[in-house]
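Novice: One structure, pasted below without further comment.
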Amino acid sequence: MAGIRFSKFFFIICIIAFGSCDQKGNSSKNSIAENSTPIKEEQWSVRMANSIMKRNTSAFQIDQKKEPKWDYVHGLVLLAFQQLSDKTGDEKYYDYGKTYVDTLVQSDGSITRYKFEDYNIDMINAGKLLFDIYDKTEDAKYLKAMQLLRRQLEEAPRTSQGGFWHKKRYPDQMWLDGLYMGAPFYAQYTSKFENGKKLDDVAKQFELIEEHAKDTATGLLYHGWDESKEQKWADSQTGTSPNFWSRSLGWYAMALVDVLEYFPEDHPKHPELVDYLNQLAVAVEKVQDESGLWYQVPNMGEREGNYLEASGSAMLAYALAKGANNGYLPDHYLNVANKAFDGLVEKLIVVNDDGTITITQACAVAGLGGDPYRDGSYEYYVNERKQDNDPKATGPFILAALQLNR
């Protein structure tokens, strides 16, 4: 097992001590498990995936959905399932995701309840599931669905420098979240079907974020940037949102390591993207808590109301581990990632009486603007609701466990 290997006894003590309380000693109002049971010697990736399947007999039910919907969270979790299937050879994980896709992708390649005209970059993310399914089935409907999503990117509104708007209803805005939602699909598609002709455009998305959303003092990136500077949350001089958010940093880090898979080492933009990842790794390590986790607002760990947050911590653990495994980052970052994973298991994982596991203290949702208006303030981020087993935490937890062989 990579990193520190704990005994069963130590795990039990950790769960009793931390499982139902947050780091400030307050009862977690969203915790669903009060009792813990001994942790078996089993891969955490398998345990989390099996827990998700036990809670959601159909994959569309993930995130408490009542009917099938094409959604980025399903793309995130089920991509982890595809990778788990590849790693274990167990087809049930692949089939679980394929059934979700087949519920929504029609024979003509159309996607049920997907609205092209919204130009919502979140909707691109689940398209990553289609590559593997298409390769295995050679069914043209999956290719047509990928082509539909590719056309959304081709026609999407952009900033004056060519950055994708986060959504049509969020004009002139780029969010860190959007880099994960769109760039890996875009990179994989153009590499597979277009001989990589748009890789420069993929890299441009990161270049614009680095130019406009980066804080030079800390190396961290702000959650969003408004080119127009018209949003109430936007700084009048820079257009950036007022705070850093751990999950948005996680989205961005995952985007970097995932797109790099499709950039040949001799591509002129490859060193640039590797450099961005290294700079980010240095910055996030500096604000990593001694527990291994990251706070919801990562540079204000001791401020009242802040808390150690599951999804951003899992995302950063995955990105740092993959970056090191693939040679983009120094090996040191495997230690940083393992420390983060240890923190997730010690502080935020609860083992339920039925053998399933629960991940706690995950921010359910956070954004900028909209109605009611989200101002990006510290108070806004720390007061958004938490949700046990939020898919933005469970999916990256599986991905991190696979990268770390935990």
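Novice: Within segment 308-319, can one find any residue that is touching a residue at least 12 places away in the same chain (Cβ under 8 Å) and more than 15 Å from the chain's Cα centre (by Cα)?
Specialist: For segment 308-319, residues touching a residue at least 12 places away in the same chain (Cβ under 8 Å) and more than 15 Å from the chain's Cα centre (by Cα): present.
Novice: Please work out if Leu149 is assigned to a helix (DSSP H, G or I) and in contact with a strand residue (DSSP E or B) (Cβ under 9 Å, 6 or more places away or on another chain).
Specialist: yes
Here's the yes/no breakdown for (1) of a type outside the set (D, E, K, R); (2) in contact with an Asp or Glu (Cβ under 8 Å, 6 or more places away or on another chain); (3) assigned to a helix (DSSP H, G or I):
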| residue | (1), (2), (3) |
| --- | --- |
| Gly312 | yes, no, yes |
| Met315 | yes, no, yes |
| Lys339 | no, no, yes |
| Val350 | yes, no, no |
| Asp371 | no, no, no |
| Gly376 | yes, no, no |
| Val382 | yes, no, yes |
| Gly395 | yes, no, yes |
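Novice: Something else now. When segment 102-135 is examined, which residues are found to be farther than 21 Å from Asp258 by Cα and in a helix (DSSP H, G or I)?
Specialist: Selection gives Asp102, Thr103, Leu104, Phe116, Glu117, Asp118.
Novice: Can you tell me which residue is nearest to the chain's Cα centre (by Cα) among those in segment 183-206 that are of a type in the set (Ser, Thr, Tyr) and under 17 Å from Arg158 (Cβ atoms)?
Specialist: Tyr186
Novice: Can you find, within segment 355-369, the residue that is farthest from the chain's Cα centre (by Cα) among those that are of a type outside the set (Gly, Ala, Ser) and either in a strand (DSSP E or B) or crowded, with 16+ Cβ neighbours inside 10 Å (or both)?
Specialist: Here the answer is Thr356.
Novice: Determine whether segment 319-329 contains at least one residue that is surrounded by 24 or more Cβ atoms within 10 Å (Cβ to Cβ) and either hydroxyl-bearing (Ser, Thr, Tyr) or on the phi > 0 side of the Ramachandran plot (or both).
Specialist: no
Novice: Given the criteria modelled with pLDDT under 95 and closer than 26 Å to Thr218 by Cβ, does Glu302 qualify?
Specialist: Spelling it out, Glu302 is indeed modelled with pLDDT under 95 and closer than 26 Å to Thr218 by Cβ.
Novice: Then there's this: Condition check: part of a loop (DSSP other than H, G, I, E, B) and either surrounded by 22 or more Cβ atoms within 10 Å (Cβ to Cβ) or on the phi > 0 side of the Ramachandran plot (or both). Does Gly178 satisfy that?
Specialist: The answer is no for Gly178.
Novice: Take segment 63-85 and flag every residue that is more than 15 Å from the chain's Cα centre (by Cα), outside any loop (DSSP other than H, G, I, E, B) and within 17 Å of Thr112 (Cβ to Cβ).
Specialist: Residues satisfying the conditions do not exist here.
Novice: For Gly301, state whether it is free of Cβ contacts under 8 Å to residues at least 24 places away in the same chain and out of contact with any Cys (no Cβ under 9 Å at 6 or more places or on another chain).
Specialist: When the stated conditions are applied, Gly301 passes them.
The values are calculated or read from the model by the stated rules, or taken from the named source; none is laboratory data. From a predicted model like this one, the values you see are computed outputs, not experimental measurements. Neighbour counts are summed over all protein chains in view; Cβ atoms, including those assigned to glycine, are modelled from backbone coordinates with ideal geometry.
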